[in-house]
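Enquirer: Okay, here's the structure, questions in a sec.
The values are calculated or read from the model by the stated rules, or taken from the named source; none is laboratory data. Since this is a predicted model, take the numbers as computed values, not measurements. A quick note on method: Cβ atoms are made from the backbone with ideal geometry, for glycine too, and the neighbour counts reach across all protein chains shown. Accessible surface is based on the protein model in full, side chains and every heavy atom, while ligands, DNA and RNA are left aside. Shrake-Rupley method; radii C 1.70, N 1.55, O 1.52, S 1.80 Å.
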Amino acid sequence: MTTLGEIFRLAGENDTGQLLTLIEGAYQSIRDLNIDFRATRADYDFVRTNSVENACYVLERDGRISATLSVKYMEEVSVYPFLFMLAVHPAEQSRGVGSRLLRYVEEKIVRDTLLSPASTLATSRKHPWLLPFYERKGYQPFYERDLGTDDKLVFMIKNLRSGSGANGDDSVHSSGEAGAEPYSFSGDLKKI
């Protein structure tokens, strides 16, 4: 798909080097905060494996990958698609590039292709701006678990079918971990 000179596409194995450079640069601020995301320790094999085993989308501008976002399932947490490793090239940050890729993946991939009524993701509780960023995008926390020794991984969900109704609940969380509380959606949502 092309929008305003931008190309949204799946990454391939040939994109591994460019993706690694982008992820290393984009996650530097997270490394500086000592947040224990796996992507902060990304290497060539990790990035290649992600693009081969998961749906790794990129937003390409002028022949260069500006942002990436991957999709997989984390059934131990939710039945809905899980979005992860959103990364924006440092030269493209604060220009809406990540928001455009996030919206594309939510709407065109998760909602319209996978026919899912919701998407999930996770972020660090101690990161100074990621949690509010995702909340502004419509995500709501539904579950937390330890991330390292001094942080929590906050799992969030977004209803992608606005106006779907307000009758009934649908439990999102399927973890058997002690203390895990389910988040209930209002609406007639069907699990995929």
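Enquirer: Could you grab me the full set of residues in the stretch 104-125 that are without any contact (Cβ under 8 Å) to a residue 40 or more places away in the chain and open to solvent by less than 10 Å² (accessible area, probe 1.4 Å)?
Expert: Leu121, Thr123
Enquirer: One residue is enough: does the stretch 170-177 have a residue meeting the conditions farther than 24 Å from Asn34 by Cα and either assigned to a helix (DSSP H, G or I) or at pLDDT 70 or above (or both)?
Expert: no
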